[in-house]
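Values in this text are rule-based calculations from the coordinates and carry no lab data. It should be emphasised that the depicted structure is a prediction, and the values quoted were computed from it without experimental measurement. Don't worry about glycine lacking a Cβ; one is built from the backbone with ideal geometry, like all the others, and counts go over all protein chains shown.
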Ligand SMILES: Nc1ncnc2c1ncn2[C@@H]1O[C@H](COP(=O)(O)OP(=O)(O)O)[C@@H](O)[C@H]1O
Ligand SMILES: [Mg+2]
């Protein structure tokens with residue numbers, strides 16, 4: 001029987017919340033019915049950026065941010081319900097990713113911390129809410145990420161077809177869907193996070209629309225090589241990362257005097273090339289590039305970035321998930337609707353081959369809405 005599920009997602013770009021209403025039957029399908037984006041208020045975006053860049057955070061600051069982000073997530077959901085004329089009884093569940101404050105799969109002990117108080121979401125919407133998806137996978141020895149791979153496989157795999165799905169958010173991640181054999185996936189490295197930082201710093205805008213500024217620059221080969229020398233790019237999977245690693249401080253430290261001396265537009269072009277290379281090298285890692293790649297995430301709207309990716313992968317057809325029925329910015333939100341479906345049906349949500357967990361696990365905790 002078809003039922004409605006809502007996914008709530010805010011990624012490492014920290015641009016705001018994508019609320020995605022989906023209709024799911026047996027879990028092998030997930031049709032997107034509606035989408036609502038709620039941008040974070042500027043003051044909250046600023047406070048989140050400050051919190052992510054700080055390694056020491058007071059309990060008061062963390063607790064307050066958890067409540068503020070939780071209210072924004074709850075609003076994103078209630079606004080979507082209102083816009084669609086739905087009452088709580090019409091929706092079986094909400095899956096909320098929350099906002100990552102810190103992702104540390106390599107720390108001892110490992111952890112990944114998402115905020116956005118889910119009790120407020122359940123209270124304001126009256127809908128059963130699933131949250132804290134990453135923690136169980138980490139407890140089982142996994143990276144806790146990426147978690148969208150199961151959904152990518154359920155929704156986009158095609159029998160007999162060698163395909164990959166690439167999500168270009170703040171960080172980029174790939175899901176490999178081979179014609180036969182196991183689904184694999186991991187984080188590639190930076191997606192938009194360094195591009196956003198550099199254009200914000202030099203031009204005062206939130207992102208480099210369509211990559212227009214990067215297009216005016218020339219790739220700086222020496223800078224590119226220095227950045228690509230980071231061991232993360234060499235590391236075999238399972239692996240996941242975040243803006244705590246690929247941060248403005250990382251760029252300054254890696255780039256050193258070369259970065260300081262370079263023309264800012266050339267740096268932007270080089271950062272776009274870095275993102276394209278980081279993705280392309282993960283796609284050829286198993287030996288051969290896939291026949292086609294479906295792109296999702298906000299980076300799908302960066303035409304320059306997609307051109308660079310096409311040059312790096314000459315044998316591969318590159319298209320947006322839009323052509324397969326889900327607009328690029330709605331895929332990750334839809335994945336968390338699907339993950340809520342899985343949990344509420346007592347089905348596992350992680351793929352051990354992807355995260356490195358000891359086995360499949362039912363993810364998250366359920367907060368009753370009624
Ligand atoms: N028109 C556009 N041109 C270039 N980049 C864009 C465009 N629209 C969105 N983006 C990029 O996509 C990012 C948001 O992508 P998103 O998938 O929401 O990431 P996350 O999952 O990390 O929140 C923005 O920060 C920006 O870098
Ligand atoms: Mg986003």
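Annotations
- A compact globular protein would have a Cα radius of gyration near 2.2 N^0.38 Å; the ratio found for the stretch 158-324 is 1.00.
- Extension gain for the segment residue 180 to residue 212, taken as residue separation times 0.36 nm less the Cα-Cα distance, is 7.6 nm to one decimal.
- For q = 0.06, 0.10 Å⁻¹, Debye-computed log10 I/I(0) when each Cα of the chain counts as one equal scatterer: -0.20, -0.58
- Here the sum of -39500 (n - 2.57) over DSSP H runs of 4 or more residues, divided by the residues of the chain, equals -12000 deg cm²/dmol at 222 nm, to the nearest 500.
- Remark: the residue 253-residue 64 segment gains 64.9 nm on full extension, using 0.36 nm per residue and subtracting the alpha carbon distance.
- Extension reserve of the residue 346-residue 39 stretch, reckoned as 0.36 nm per residue once the Cα distance is removed: 107.3 nm
- With R₀ fixed at 25 Å, the C-beta to C-beta distance from residue 1 to residue 157 puts the FRET efficiency at about 0.60.
- Computed E for residue 323/residue 108 - FRET, C-beta separation, R0 51 angstrom, nearest 0.05: 0.70
- On Cα atoms only, tilt of 193-203 relative to the major axis of the chain in degrees: 60 degrees
- Relative packing of peptides 16-22, 179-185, 273-279 - highest average C-beta neighbours within 10 Å first: 16-22, 273-279, 179-185
- When the alpha carbon gyration tensor of the stretch 274-320 is reduced to an equivalent ellipsoid, the three semi-axes, largest first, read 17, 11, 9 Å.
- Per the Debye calculation on the stretch 13-119 with a single equal scatterer at every Cα and no solvent contribution, log₁₀ I(q)/I(0) for q = 0.10, 0.21 Å⁻¹ amounts to -0.35, -1.13.
- On the beta carbon distance between residue 84 and residue 29, with R0 = 22 Å, the FRET formula returns roughly 0.70.
- Label sites at residue 261 and residue 46, each approximated as a point 7 angstrom past Cα along Cα to Cβ, lie 3.6 nm apart.
- Each part gets one Cα centre, and for the stretch 7-23 versus the stretch 94-126 those centres are 13 Å apart.
- Protection proxy ranking, peptides 301-307, 55-61, average beta carbon neighbours within 10 Å, highest first: 301-307, 55-61
- Relative to the longest principal axis of the Cα atoms of the chain, the long axis of helix 264-284 lies at roughly 60 degrees.
- Its Cα gyration tensor gives the stretch 1-52 an equivalent ellipsoid, and the semi-axes of that ellipsoid, as √(5λ) in whole Å with the largest first, are 30, 10, 6.
- A protection proxy built from the mean count of other Cβ atoms within 10 Å ranks the segments 308-317, 353-362, most packed first, as 353-362, 308-317.
- Here the simple spin-label model places points 7 Å from the Cα toward Cβ, and for residue 285 and residue 203 these points are separated by 3.1 nm.
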